[in-house]
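See structure below.
The values are calculated or read from the model by the stated rules, or taken from the named source; none is laboratory data. Just so we're clear, the structure is a prediction, and the values are computed from it rather than from any experiment. All Cβ positions, even for glycine, are placed from backbone atoms using ideal geometry, and neighbour counts span all protein chains on display.
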Amino acid sequence: MAETTVHHRACNLCEAICGLEIRLEAGRIVSIRGDEADPLSRGHVCPKAVALQDLESDPDRLRRPLRRGTDGAWQEVEWDAALDEIAARTRRIQAEHGRDAVGVYLGNPNVHNLGSILYVRPFLKALGSRSRFSASSVDQNPHHLAAMLMFGHQFLLPVADVDRTRYLLVLGANPLASNGSMMTAPGMRDRLKALRAGGGRLVVVDPRRTETARLADRHLFIEPGTDALFLLSLLHVLFAEGLARPGRLEAFTDGLPALREIAADYPPERTAGATGIADDDVRTVARELAAAEAGACYGRLGLSVQEFGGLCQWLVNAVNVVTGNLDRAGGAMFANAAVDMLAVTGRGHWGRWKSRVRGLAEFASELPTATLAEEIEVAGPGQVRALFTVAGNPVLSTPNGARLERVLPRLELMVAIDPYLNETSRHAHFILPTTPPLQREHYDVVFHALAVRNTARWSAPLFPAEPGARHDWQVLAALARRLDRGPLPGRLRRRLVAALGPRRQLDLALRSGPHGAGFRPWFLSTQRAKGLTLRRLEKEPHGVDLGPHESCLPGRLRTRNQRIDLAPAPFVADLARLRGRLHEAEAAAAGKAANGNGHGELRLIGRRQVQSNNSWMHNVPRLMRGKDRCTLLMHPDDAASRGLGSGTLVEIVSRTGSVRAPLEVSDEMKRGVVSLPHGWGHHRPGTRLSTAAATPGASLNDVTDELRVDVLSGNAALSGVPVMVTAVAVLS
Ligand SMILES: Nc1nc2c(c(=O)[nH]1)N[C@H]1C(S)=C(S)[C@@H](COP(=O)(O)OP(=O)(O)OC[C@H]3O[C@@H](n4cnc5c(=O)[nH]c(N)nc54)[C@H](O)[C@@H]3O)O[C@H]1N2
Ligand SMILES: Nc1nc2c(c(=O)[nH]1)N[C@H]1C(S)=C(S)[C@@H](COP(=O)(O)OP(=O)(O)OC[C@H]3O[C@@H](n4cnc5c(=O)[nH]c(N)nc54)[C@H](O)[C@@H]3O)O[C@H]1N2
Ligand code: SF4
Ligand SMILES: [Mo]
């Protein structure tokens, strides 16, 4: 019988970072299960874990760098030849047109990849361009902006303490499908069931009765994009009814009277028409939250990807402060991770420069991705003429991807660091494919810092890298080496740090972190160092438990006066825009009852599905079984008034374009709102995604609008897009 071995590691595909137990016979995987002994995930996994092995074996995954010839055909090339030519062409473009002429787009998998986290920065430094874009501005920038303005650091991100809370108010998140975001808590179904079994309550505010809402005590349908109004009314009730009890937070909080005054303008009767949430429901939620021994307000993607994303994340934090729930067990707490994000990243900055064409503010040195296409399209000094995409698929993942797709062929040079020839990389001149997850070592620098419990876990590579393969960090380091033109001392320092490799860099970060062993060798310590080192983690295949979160304020605050700012000026000023939205809704209600959008217009939102992972795992056959998942959900009344039924192929038309999808009539939708999942649209010619192309679906981002942004944070407003929906033909 073949020898059985067991390997433990983290799944790096999503923010839940589940611990895995992988069994191998004769070096081949025979099973992938949840690791019961993992102190954080306790055996939880989703169907994507098993798909990790498919990423290894996928015949479509690229193994060698590709270069597009003048005839358009792809040719395999040697790594060094490719890197040399890319560096030479990059330098030439920068010499001729300035450094900003070369843009970079960083995609989501970078934060799930230890080597990329450590090596992206030196690459960006070497490039020295301000034309930097990333998935953060189609996702979570409002959280970082709120953290920076209120707590003084972009990574002081409160995490809902789901395991100890007695009342969880969830807005715009569906952790049962997404497995949680900016709240690393694997196994949310079990955690939420435990919350309710122990007498705690779950309330979900969402335009759709989601998988998570179905578990809740109360689900409130909300009109997309109006959460800031709902939250202001919640605060109104808290203040008006004497339920504002910040407790110990008050001693180091500024702006409470200002916030009270602001909230006074938003009684729940006034916002009910716009939000669709009855004033009684707002009052009930406010009273229940205030009465709970410990409660947490958690607002995620649905709040960030709307026109008032910044205001929403400010107000979510504000609710937690006003109810005394910030930094308290069972409230919204700050992790004390083994690698301290506050020590390894800057506090953030905002508005130091503006995007060239639309004048939108930078955040943490990145420009809003919603401006990428125009920065390529519009001529003038600083125009983007070359682009690196690093683990990103912006054609499917960013608003009006179709426009981006039209302008990518104009680039003088495009390089995709990506294992797939997909909707974005097909436009590149070079594709540099990097190693799949099981061939890599891993540590979750970012997600341990967003987890509901402090744990740390090292993953060794399961398989050696394939011959001739390179890791992301090696590719980024090689490019940085070739491009770095900075003054000699800085350049030498960067070379030395890069030469350490990810392992040694991580060891340094662990040792110097809050749980670290420091730097004294054990024979010089009075007692053998008990703290963390990489070597210690290597001996703990299930990871180590570093305990629950503890209160850490005001000590951890990074504002200049070490106080919380409850009413930061940029947010207060942005309320003018929100009042405009409220007046619009009031005018619409006065003019016409019922469907506030008028003229048969609907609001389009997105959704996630557990078998998907943004745009890039639809090439895994085992995740694609079953019926077509890329359907448009619509309320029965909206379907009836349009004469549409389930199975009808419908056309969804917005300002930017149109797509077609089969209709699924469902009362899980709010009236007037329709939902299409994102990350589909794999029908484009010239890709190498045989499984995905067989069930291509439609790209939601062909109809989202790059001009709809939260102008404060620069985040794309992907949600709530006005659309018209009509029948195309009835499917057989
Ligand atoms: N309408 C709408 N649009 C959305 C969203 C939405 O809810 N609605 N969600 C947004 C969110 S939250 C996000 S984060 C973005 C994601 O947007 P992106 O990050 O741009 O897109 P992904 O689909 O995650 O594409 C990841 C790419 O990285 C490649 N890849 C995977 N692993 C690795 C790796 O280890 N190394 C390298 N080099 N490449 C790798 C994949 O092949 C794929 O091409 O999408 C956003 N777009
Ligand atoms: N299976 C799977 N898991 C994933 C991903 C994936 O693609 N697939 N992507 C990963 C990534 S990159 C991220 S960022 C996370 C995101 O994780 P979540 O934040 O949980 O994101 P979603 O599941 O998209 O849930 C967003 C919810 O917001 C609702 N919504 C839309 N508009 C509004 C609004 O205006 N107001 C309110 N209150 N709600 C609104 C939607 O109906 C939806 O239920 O998921 C991660 N996990
Ligand atoms: S929930 Fe699924 S994809 Fe996310 S880490 Fe766990 S197993 Fe991996
Ligand atoms: Mo994301």
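Miscellaneous remarks
- Within the range 96-116, the presence of at least one residue that is free of Cβ contacts under 8 Å to residues at least 12 places away in the same chain and either away from ligand 1 (no atom under 16 Å from the Cβ) or surrounded by fewer than 17 Cβ atoms within 10 Å (Cβ to Cβ) (or both) is confirmed.
- Pick from the range 430-466, criterion within 16 Å of ligand 2 (Cβ to nearest atom) and not in a loop (DSSP other than H, G, I, E, B), ranking: nearest to residue 392 (Cα to Cα): 437
- When the range 363-378 is filtered for residues that are buried (at least 19 other Cβ atoms within 10 Å of the Cβ) and charged (D, E, K, R), the ones remaining, listed by number, are 366, 374, 375.
- Complete set of residues in the range 1-38 that are of a type in the set (D, E, K, R), away from ligand 1 (no atom under 16 Å from the Cβ) and surrounded by 17 or more Cβ atoms within 10 Å (Cβ to Cβ): 21, 35, 38
- Each residue in the range 358-374 was checked for being under 15 Å from residue 400 (Cβ atoms), touching an Asp or Glu at 6+ places or on another chain (Cβ under 8 Å) and part of a loop (DSSP other than H, G, I, E, B), and 1 of them qualify.
- Test: residue in the range 460-471 that is within 13 Å of ligand 1 (Cβ to nearest atom), over 30 Å from residue 556 (Cβ atoms), under 23 Å from the mean Cα position of the chain (by Cα) and surrounded by fewer than 21 Cβ atoms within 10 Å (Cβ to Cβ): no
- Pair list, Cβ under 6 Å, 6 or more apart: the range 436-462 residue at positive phi, other residue within 16 Å of ligand 4 (Cβ to nearest atom) and aromatic (Phe, Trp, Tyr): none
- In summary, no helices (runs of 4 or more DSSP H) completely within the range 200-278 bear 3 or more residues that are on the phi < 0 side of the Ramachandran plot, hydroxyl-bearing (Ser, Thr, Tyr) and within 30 Å of the chain's Cα centre (by Cα).
- Single residue of 330, 324 found to be farther than 30 Å from residue 91 by Cβ and in contact with a helix residue (DSSP H, G or I) (Cβ under 9 Å, 6 or more places away or on another chain): 324
- Identity of the residue in the range 478-494, modelled with pLDDT under 95 and small (Gly, Ala, Ser), that ends up nearest to residue 91 (Cα to Cα): 486
The rows are residues; the columns are (1) of a type in the set (Gly, Ala, Ser); (2) within 16 Å of ligand 1 (Cβ to nearest atom); (3) closer than 14 Å to residue 205 by Cα.
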{"site": "223", "(1), (2), (3)": "no, no, yes"}
{"site": "232", "(1), (2), (3)": "no, no, no"}
{"site": "238", "(1), (2), (3)": "no, no, no"}
{"site": "242", "(1), (2), (3)": "yes, no, no"}
{"site": "246", "(1), (2), (3)": "no, no, no"}
{"site": "259", "(1), (2), (3)": "no, no, no"}
{"site": "266", "(1), (2), (3)": "no, no, no"}
{"site": "277", "(1), (2), (3)": "no, no, yes"}
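- The range 36-92: number of residues that are part of a helix (DSSP H, G or I) and touching a strand residue (DSSP E or B) at 6+ places or on another chain (Cβ under 7 Å): 9
- Checking each residue in the range 46-71 for being without any contact (Cβ under 8 Å) to a residue 40 or more places away in the chain and either crowded, with 20+ Cβ neighbours inside 10 Å or within 18 Å of residue 12 (Cβ to Cβ) (or both) picks out 49, 57.
- Tally of residues being buried (at least 16 other Cβ atoms within 10 Å of the Cβ), of a type outside the set (Gly, Ala, Ser) and in a loop (DSSP other than H, G, I, E, B) across the range 555-595: 8
- Scan of the range 433-464 for residues that are within 14 Å of residue 41 (Cβ to Cβ) and among the β-branched types (Val, Ile, Thr), ordered by number: 452, 455
Quick grid of which residues meet (1) charged (D, E, K, R); (2) within 30 Å of residue 481 (Cα to Cα); (3) assigned to a helix (DSSP H, G or I):
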| site | (1), (2), (3) |
| --- | --- |
| 118 | no, yes, yes |
| 121 | yes, yes, yes |
| 124 | no, yes, yes |
| 130 | yes, yes, no |
| 144 | no, no, yes |
| 147 | no, no, yes |
| 164 | yes, no, no |
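- Residues of the range 444-454 that turn out to be surrounded by fewer than 23 Cβ atoms within 10 Å (Cβ to Cβ) and in contact with a Lys or Arg (Cβ under 8 Å, 6 or more places away or on another chain), as a count: 0
- The range 474-497, residues that are under 27 Å from the mean Cα position of the chain (by Cα) and among the hydrophobic types (A, V, I, L, M, F, W, C): 475, 476, 477, 479, 480
- Output for the range 99-116, where each listed residue is outside any helix (DSSP H, G or I) and more than 16 Å from ligand 2 (Cβ to nearest atom): 102, 103, 104
- Of the residues screened, residue 51 is one that is small (Gly, Ala, Ser), within 14 Å of ligand 3 (Cβ to nearest atom) and in contact with a helix residue (DSSP H, G or I) (Cβ under 7 Å, 6 or more places away or on another chain).
- Cβ pairs under 6 Å, 6+ apart, first in the range 638-649 and within 13 Å of residue 728 (Cα to Cα) and buried (at least 20 other Cβ atoms within 10 Å of the Cβ), second at pLDDT below 95 and of a type in the set (Gly, Ala, Ser): none
- Matching residues in the range 163-205 - criterion: being near ligand 2 (Cβ under 9 Å from one of its atoms), farther than 17 Å from residue 312 by Cα and either surrounded by fewer than 22 Cβ atoms within 10 Å (Cβ to Cβ) or among the hydroxyl-bearing types (Ser, Thr, Tyr) (or both): 176, 177, 178
- Residue check for residue 697: within 16 Å of ligand 4 (Cβ to nearest atom), within 24 Å of the chain's Cα centre (by Cα) and crowded, with 19+ Cβ neighbours inside 10 Å: no
- The test for being under 30 Å from residue 536 (Cα atoms) and of a type outside the set (Gly, Ala, Ser) holds for residue 440.
- Within the range 1-22, tally of residues that are closer than 21 Å to residue 539 by Cβ and more than 10 Å from ligand 3 (Cβ to nearest atom): 7
- Within the range 614-670, the set of residues being outside any loop (DSSP other than H, G, I, E, B), under 27 Å from residue 437 (Cβ atoms) and among the polar types (S, T, N, Q) comprises just one member, 615.
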